[in-house]
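> Handing you this structure, nothing more for now.
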């Protein structure tokens, strides 16, 4: 069972970095909070829940396909 999300984390980032977070989160079909939390947990080696990880991998594969198609078209 997932922990209750009852605490907030505030951080300052540049507008450029925020835009990157927004874009990648949107491309992966995630909220910004989900994207950042998953990135942090992955960076520190925490295991993500299996369904969440499968979802991320599926979306990442779709994103990779889009990037590849854009490169081929360019």
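> Considering region 1-28 alone, what residues qualify as being closer than 22 Å to residue 64 by Cβ, touching a helix residue (DSSP H, G or I) at 6+ places or on another chain (Cβ under 8 Å) and at pLDDT 85 or above?
21, 22, 24, 25, 27
> Select, from 29, 45, the only residue that is in a loop (DSSP other than H, G, I, E, B) and surrounded by fewer than 10 Cβ atoms within 10 Å (Cβ to Cβ).
Every option except 45 fails the conditions.
> Can you tell me how many residues in region 26-41 are closer than 20 Å to residue 7 by Cβ and free of Cβ contacts under 8 Å to residues at least 24 places away in the same chain?
11
> Right, another one. Identify the residue in region 2-23 that is surrounded by 10 or more Cβ atoms within 10 Å (Cβ to Cβ) and more than 12 Å from residue 37 (Cβ to Cβ) and, among all such residues, is farthest from the chain's Cα centre (by Cα).
The selected residue is 13.
The values are calculated or read from the model by the stated rules, or taken from the named source; none is laboratory data. The model shown is predicted, which means the values in this text are computed figures rather than measured ones. So basically every Cβ, Gly included, is an ideal-geometry build from the backbone, and we count neighbours across all protein chains shown.
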